[in-house]
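J.: Encoded as C-alpha cells, here's the structure I'll be asking about.
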Amino acid sequence: MSTRVSIVIAVLLVLVTGTVQAGTLEEIVQDLQPVPGYVVLPVQDEFLIDLAASHGVTNGDLFSVVAPGEPITHPVTGKLLGTLDGSKGLLQVTQVKSGFSHARPLGQPGAIVRGDAIRRYDGLRATFWDYTGQGEEFYGRLKAALPALRWQSYGPAQAEKPGQAGAVGKTASDLVVVLTARNLTVRDASGSVIRSYPAPPLAAVPSAMAPVPVAAPVVAAPAPVAPAAAPYRLEQPPAPGSVRYEAAFPGFQVLGNPGFAVVMADFVRENSELLMAATDGARIKIQKIYGGINTLTEVEVAGLPQVVGLHWWQPQAGLVYLAVSAWKDTQMASALYRFENNRLLPISENLSHLFGSFDRDGDGRRETLLAQNMDRELFWGTVVRQVSVQGNRISLNTPSFELPRRFTVGGSTMVDLTGNGKPETVVVRDGLLYIYAGSKEIYRSAKLMGGSLARFPYQVHPQAYYTPTNFAVVEVPPVAADLDGDGRPELLVVASDSGMFSAPGLSANVRKSWLAVLKYRDNTFVKGNLGEEMSNPLQGLTVQDQRVLFVATEPGSVFGKGGESQILVFSLAH
Amino acid sequence: MKKMRIALATLAAVAVAAPAMALNVEWHGDLNNRFSYSTQADLSKRVVNDTHNYLSVGGFSNYSGILTSTTRPVDTKKNRKDSDFFGEIKYRMNLDVSDDDKKVKGVVGFEFGSAKFGNADMPFGGDQNNFELMWAYTDIQLPFDQASRLIVGLQPVGYNYTLWTDNAGGVKWVRKDGNWGYSLGWFRNDWGGANKNDAGGDKKSEYDDAFVGDMTYTFNNGNSLNAFVIFMDQGREAKTFANGGFVDGGLAGQITDARDSQIWLGLSGKGKWNNFSGLFTGIYLTGEVKTKGTIEDNFDREAYLFHGQIDYKMDKTTFTLGGLYTSGDKNPNDGKLKNFDVIDATTGFIGSVVIFDNLADDNSFTQAPYLFDKGYALLYAGARHELTKKAWVSARYLWHNTAEDLVTAQGSGDEVGHEFVLGAGYQIMKGLTAEIAAGYLIAGDAWDALSSTGKADDVFRTDANIRFRF
C-alpha cells in the first residue's frame, strides 16, 4: 500500500515541478522503493537473498532484516491488523547474480538466519545533506515520496554534514542522500556511493531561498580553439598580472559496479550496444553498458593464468574478437576469443604473445591486432607482428607500417593527432607518454602517465640461482576523441602520480590519478586535465556518445580480498 | 660488517640523491626461507660441485678421496643420527636506479645468507658475517645505437640453464633488433681462491678468462633458437695444481701443474605449439687439459650434453616428459676426457628433491647435471595440477642413472635409483608463495657403490620454502 501511495505522490510531484527535476525525483523514488524478500542461506561471511537485478536490486542496496514483533489485533473484532515488527540487522548487497544476490551484514550477523524476511530501504535512518543551499524543497518532496525511511530533519542534517561533499561524515543514519550542484548521490553510512543521479535543476524550482549568484571566475586568456565548449582545461602559463583559469569542473557520475576489482577493462561498440570486457586478473566478464550494467558472460582463461590485458578487435564489421594477454608462472599464456551470441568462443589459448588492437584509419573500429613477443630482459620484445585469423587459424605477418623502437602493444594507440593524414603512434611506457611519427619521437611527456594495476613480477632467468626479478606493467591505452568539437581528435590518457621509490612488481603505488588530455595545437602538444583527481587507479577508458566512461578501482588487500570498481561517467555534452 | 656499512651507506646515498637527479628507484627482493628434512641429511649438502672440474687421467681421479677417506664425507648408507632437519634463509635484495627512459640503469644487489638457523652465521642474536655482494653493474643504452646495451660490472649471467647461470664480473654487449638478438661478453673468474689476496692482471695463471658470443632468433610465433660459443682459458701460464681445489691426493701426487682450456658450442630452443610447449639444449664441449708432473700430457676434451622437455597442457593440468644426458668418462687411460663439465649451472629445472636442487637449493647432493666424471642419464615424467588460481599440486617420477658406471671399492653400477616426488604450493599473495616437495629415492647399484658397505639405503627428503619475491 505504501508503495502505491509513494508512486502516486511521485507522479503528482512530476506533474507539479516539471519533467527534468521530476526525472531525478522519480528515478530515486523508484530506486529506493521498499522491496520485500527473504534470506536464503548464510554463505561464509555473507548471506544469499532471493532478490536480484530483476527486482531492481543493485550493488550497495541496503536491506533491513525484519524481527517479527507482537501481533496487533483489533480490540473488538479480534482481527489481526499487523505486527509490531522491528529490525534485527542490516544487509548490504555485494554482488547481484541471476535470481539471487550476495549481501554482507553491517554489524553483528549473529541473529540473522535462513528464512528471515528482509525489506529494502524500509525502516532505515536517512539523512539529506544539501551542498547547494537550495535543496530543502527537494528534500521535502523526497521525504514525502519515501515514507518508509526514517528521515532526519533538514536543519540538524545540515549542521552535521561534513565540509566537503563526498567526505565521510559522522552520522547515525544508515543512508545519506547528498545533493551537490553536480549530482545527487545516495550513499551508505561509510560514504560509498550506491546510486547517482543528475542534479535536479533547483534554480528552476520556486523557492523562498533564492540562490545567490556565484561570481564568475576570472579567465586568464581564452583558448583559441573552441574554449567555451572544451570540457578539459589545458595548461597555459598565466598572463602577467592575471589570475589563472581555475574554473571548477563538473565531477563524475557513477554508472555502476562491475562486481569485482577490475585491473583492466576495454570497451567496444557492437550492434549499437556498448560492451565492456573487464578482468580482475582471474575472470573475464563481458558486460553490457547502458543505464546500468548487465553481465552477458563470464569466463576463466584455460590454465588459470593472470590476465593483464584485454583488447577488443573488429577486423571487419560484425566480427568481434577479444584478445587476452595473460601470464602463467614463467611465460605468457594468452588467448584469443571470438565474441558471438554473447559468448566467448576460444580461437586459440596458451599463446606466447601480448596483444594490442588499433584503429589506424580512424573509423572508430579497431581493425588492426598486433602481437608482440615477451622478452625476458625487456619484457616488451622486439618482434611485433600483425594478426589475422582465418577460421581458427592465426597468422602473423610483418606490419606494413613503421613502428618505433619503444613500442608496446599494450598501453598504446594510433591516431592522426597532427592532421597530416598519417596516424601517429602513442605509447605509454614506464610512466611516460611518447608520440611518434613513424619511428621518430615528436613528443615525450613528463613522468605522470599510466599507473596500471595490471602488473606482475617475473624472474628473468627462471631456472637460475641468481636471477633478477623484473616486472611487467600493461597500461590502459590512451583514447582519441574530439572532446571539444573542433573536428580534431584529442588524446585522453590515464595519468597518475606515483612515488619515486617503489617495489613495482607488487604495487602501482598510485597516490592519485586523473584523466589527462593532450591536444595538438600550433604545431605543439599542449597538456591538460579532464575532471577531478581521484585517489584510485583507473583501469579502463573510452569515449562514447559524448560521454567519457572509465573504471576506477579500489584495490583489494595484499591477500587478494576485497576491492571494488566503479564505472564512472563524465558527460561531454554542454 | 664493514661491507654491510658500505652497502647501507650506498643505499642511503642513492635514495637521498635520486630525487635531485630525477631518477627512478626500484627495490626488488627475493626473500627465501627454506626448510628441509631428510632421513640422510649428510647427503643434503654439496658433494658434487658445479664449479669443480672433475678429471680422471692415468688411472687416477681427483674425486676418489671423497669416497675412500677414513673421514668419509659421503655415505649413502644410513647411519645413526643421519636424520636431520634444517631451516635456512637466503635473502637477496637489489636496488635499481634508472633514468626516466631507462637508458641507463645502475644495479646494486646483495645476498644475506645462505645461513642456516643455528649455524655459526646465525646463532641466537644473529648479526654474524653472512653478507655477499651479488650484483654491482651499470647497464647503458648506447647513444649511437638504441638497440644496443653495454653492461659493465658484476652482473647476472644467464647463457644457458644447464651450463652457466650465475653472476660474473665482466663486460657484455647486447643488441636486440627485430627477430635477432646477439651478444658478446668477456668475464673473468678466480681460480680456486688463488687471488684471494691479490688483484688480477699479472697473475695469468690464477684466473680464468671467459669469452662468450651468442645469437638468438625469435620466430614470429614467439619460439626461439639460441646458439652460443664460450671459450674459457686459464691463461698463458700453467696453473699450480696445489691451488686448484683438486681433492684427491693420488692425482695431486701425479700432476704438478694443469692448464685447462674449454670451448662449449651450444644450441638451445624453446617453443609453444597449441597445448604443447618444449625446450631443448645441446652442447658440445671440446678443448684440452695440459698437465705437468708424473703424468705429463695433453688430454683432449670431447663431451656433450643434451636436455629436452615437452609439456602438454590439458585444462588445469600440465603433463611433463623430459630427459637429460651428459657424457661421462669411462676410461681414465685413453688420453681423452669425455666427461661433460659445466661452468656454474643450476639443476632446479629437473624437479628432483633427493639428488638435485629443489626448494632448498645449495643443499643438494649434486649441483651439476652429473656425478663426478661419470655423466648422467635421466628420464623424468610428471604432472602439475592447478587446484585453484592460487594452489597447485604436482607429482613427478625420475629415473636416475650415471652415463658410465660409477666404480668404487664397494661396488659399481650406473643406476642411481628411482625417485618419486610429490609437491604442493600456494600463492599467499602476489609475490609470496609457500611450497613443499617430498622425494623418495629407491636406491640403485650406483647409489650402493657410494655407500660404505656396498648397500645403500633409500632416502626420503622433503624441502619447503616460504618465498617473497618482488
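J.: Would region B:69-82 turn up any residue that is open to solvent by 30 Å² or more (accessible area, probe 1.4 Å), touching a Phe, Trp or Tyr at 6+ places or on another chain (Cβ under 8 Å) and either touching a residue at least 12 places away in the same chain (Cβ under 8 Å) or acidic (Asp, Glu) (or both)?
T.: There is no residue in region B:69-82 that is open to solvent by 30 Å² or more (accessible area, probe 1.4 Å), touching a Phe, Trp or Tyr at 6+ places or on another chain (Cβ under 8 Å) and either touching a residue at least 12 places away in the same chain (Cβ under 8 Å) or acidic (Asp, Glu) (or both).
J.: If we only count strands (runs of 3 or more DSSP E) wholly inside region B:323-438, which ones have 3 or more residues that are free of Cβ contacts under 8 Å to residues at least 60 places away in the same chain and farther than 27 Å from A:THR467 by Cβ?
T.: Passing ranges, in order: B:391-408, B:411-429.
J.: Go through region A:450-495 and count every residue that is away from chain B (no Cβ under 14 Å) and not in a loop (DSSP other than H, G, I, E, B).
T.: Residues in region A:450-495 being away from chain B (no Cβ under 14 Å) and not in a loop (DSSP other than H, G, I, E, B): 9 in total.
J.: Checking B:ALA381 against (1) open to solvent by 30 Å² or more (accessible area, probe 1.4 Å); (2) closer than 20 Å to B:GLY158 by Cβ; (3) touching a Leu at 6+ places or on another chain (Cβ under 8 Å), which test does it fail?
T.: So B:ALA381 meets the others, but not (2).
Residue-wise test of (1) among the aromatic types (Phe, Trp, Tyr); (2) away from chain B (no Cβ under 14 Å).
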| residue | (1), (2) |
| --- | --- |
| A:LEU506 | no, no |
| A:VAL517 | no, yes |
| A:ASN523 | no, yes |
| A:ASN529 | no, yes |
| A:ASN536 | no, yes |
| A:VAL543 | no, yes |
| A:THR553 | no, yes |
| A:PHE559 | yes, no |
| A:SER565 | no, yes |
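J.: Among (1) surrounded by fewer than 19 Cβ atoms within 10 Å (Cβ to Cβ); (2) under 30 Å from A:ALA261 (Cβ atoms); (3) of a type in the set (A, V, I, L, M, F, W, C), where does A:ALA437 come up short?
T.: (2)
J.: Assess whether A:GLU270 counts as being open to solvent by 50 Å² or more (accessible area, probe 1.4 Å) and either modelled with pLDDT of 90 or more or over 18 Å from the mean Cα position of the chain (by Cα) (or both).
T.: no
J.: I'd like the residue in region A:122-159 that is open to solvent by 60 Å² or more (accessible area, probe 1.4 Å) and out of contact with any strand residue (DSSP E or B) (no Cβ under 8 Å at 6 or more places or on another chain) and, out of all such residues, is modelled with the lowest pLDDT.
T.: Ranking the qualifying residues of region A:122-159, first place goes to A:ALA159.
J.: Could you tell me whether any residue of region A:392-401 is open to solvent by 20 Å² or more (accessible area, probe 1.4 Å) and within 28 Å of the chain's Cα centre (by Cα)?
T.: The answer is no, given that none of the residues of region A:392-401 is open to solvent by 20 Å² or more (accessible area, probe 1.4 Å) and within 28 Å of the chain's Cα centre (by Cα).
J.: Can you go through A:PHE355, A:PHE379 and tell me which one is open to solvent by less than 30 Å² (accessible area, probe 1.4 Å) and closer than 24 Å to A:VAL543 by Cβ?
T.: So the residue among A:PHE355, A:PHE379 that is open to solvent by less than 30 Å² (accessible area, probe 1.4 Å) and closer than 24 Å to A:VAL543 by Cβ is A:PHE355.
J.: Of everything in region A:273-286 that's within 14 Å of another protein chain (Cβ to nearest Cβ) and open to solvent by less than 10 Å² (accessible area, probe 1.4 Å), which residue is nearest to the chain's Cα centre (by Cα)?
T.: Applying the filter and picking the extreme gives A:THR279.
J.: Looking at the structure I just gave you, is A:GLY391 more than 12 Å from every other protein chain (Cβ to nearest Cβ) and modelled with pLDDT of 95 or more?
T.: No.
J.: Additional query: Answer yes or no as to whether A:LEU48 is buried (at least 16 other Cβ atoms within 10 Å of the Cβ), out of contact with any His (no Cβ under 8 Å at 6 or more places or on another chain) and touching a residue at least 24 places away in the same chain (Cβ under 8 Å).
T.: No.
J.: Test A:GLY309 against the criterion of being more than 14 Å from chain B (Cβ to nearest Cβ), in a loop (DSSP other than H, G, I, E, B) and within 30 Å of A:ARG195 (Cα to Cα), and give yes or no.
T.: So A:GLY309 fails the test.
J.: For A:TYR38, indicate whether it is aromatic (Phe, Trp, Tyr), within 19 Å of A:SER173 (Cα to Cα) and in contact (Cβ under 8 Å) with a residue 12 or more places away in the chain.
T.: Judged against the criteria, A:TYR38 is not a match.
J.: Does at least one position in region B:417-437 carry a residue that is modelled with pLDDT under 90 and surrounded by fewer than 17 Cβ atoms within 10 Å (Cβ to Cβ)?
T.: yes
J.: Output the residue which, of all residues in region A:51-95 that are at pLDDT below 80 and either open to solvent by less than 50 Å² (accessible area, probe 1.4 Å) or small (Gly, Ala, Ser) (or both), is nearest to the chain's Cα centre (by Cα).
T.: So the residue we want is A:ALA53.
J.: If B:LYS330 meets every condition in (1) at pLDDT 90 or above; (2) within 14 Å of another protein chain (Cβ to nearest Cβ) apart from one, which number is that one?
T.: It fails just one condition, (2).
J.: Please work out which residue is most open to solvent (accessible area, probe 1.4 Å), limiting yourself to region B:117-153 and to residues that are among the charged types (D, E, K, R) and under 30 Å from B:ALA360 (Cβ atoms).
T.: The qualifying residue most open to solvent (accessible area, probe 1.4 Å) is B:ASP127.
J.: Going residue by residue through region A:443-458, is there one that turns out to be open to solvent by 20 Å² or more (accessible area, probe 1.4 Å), touching a His at 6+ places or on another chain (Cβ under 9 Å) and more than 23 Å from A:LEU344 (Cβ to Cβ)?
T.: For region A:443-458, residues open to solvent by 20 Å² or more (accessible area, probe 1.4 Å), touching a His at 6+ places or on another chain (Cβ under 9 Å) and more than 23 Å from A:LEU344 (Cβ to Cβ): present.
J.: Right, something else. Could you check region A:437-449 and list, in sequence order, the residues that are within 13 Å of chain B (Cβ to nearest Cβ) and not in a loop (DSSP other than H, G, I, E, B)?
T.: Those that are within 13 Å of chain B (Cβ to nearest Cβ) and not in a loop (DSSP other than H, G, I, E, B): A:LYS440, A:GLU441, A:ARG444, A:MET449.
J.: Let me ask you something else. Would you pick out the residues in region B:333-343 that are over 12 Å from B:ILE283 (Cα atoms) and either out of contact with any strand residue (DSSP E or B) (no Cβ under 9 Å at 6 or more places or on another chain) or crowded, with 21+ Cβ neighbours inside 10 Å (or both)?
T.: B:ASP334, B:LEU337, B:LYS338, B:ASN339, B:ILE343
J.: Testing B:HIS307 on (1) farther than 18 Å from B:SER224 by Cβ; (2) within 14 Å of chain A (Cβ to nearest Cβ); (3) touching a Pro at 6+ places or on another chain (Cβ under 9 Å), one condition comes back false. Which one is that?
T.: B:HIS307 satisfies every listed condition except (1).
J.: Related question: Within the bounds of region B:47-57, is there any residue that is touching a residue at least 12 places away in the same chain (Cβ under 8 Å) and among the charged types (D, E, K, R)?
T.: Yes, region B:47-57 has at least one match.
J.: Moving on to the next point. If a residue must be touching a Leu at 6+ places or on another chain (Cβ under 8 Å) and crowded, with 24+ Cβ neighbours inside 10 Å, how many such residues does region B:360-377 contain?
T.: Count: 7.
J.: Tell me, please, whether a residue that is within 14 Å of chain A (Cβ to nearest Cβ), modelled with pLDDT under 90, open to solvent by less than 30 Å² (accessible area, probe 1.4 Å) and within 30 Å of B:LEU406 (Cα to Cα) can be found in region B:26-37.
T.: No, that holds for no residue.
J.: Here's a follow-up. State the number of residues belonging to region A:327-371 that are under 29 Å from B:LYS103 (Cβ atoms) and at the interface with chain B (Cβ under 9 Å from one of its Cβ atoms).
T.: Residues flagged as under 29 Å from B:LYS103 (Cβ atoms) and at the interface with chain B (Cβ under 9 Å from one of its Cβ atoms) within region A:327-371 amount to 5.
J.: Mind checking which residues of region A:412-432 are within 14 Å of another protein chain (Cβ to nearest Cβ) and assigned to a loop (DSSP other than H, G, I, E, B)?
T.: Of everything in region A:412-432, those that are within 14 Å of another protein chain (Cβ to nearest Cβ) and assigned to a loop (DSSP other than H, G, I, E, B) turn out to be A:ASP430, A:GLY431.
The values are calculated or read from the model by the stated rules, or taken from the named source; none is laboratory data. Bear in mind that the values here come from a model prediction, so they are computed numbers and not experimental data. Positions of Cβ are generated from backbone atoms using ideal geometry, with glycine treated the same way; all protein chains shown enter the neighbour counts. Just so you know, the surface numbers come from the protein's heavy atoms only, side chains and all, with ligands and any DNA or RNA stripped out. Shrake-Rupley method; radii C 1.70, N 1.55, O 1.52, S 1.80 Å.
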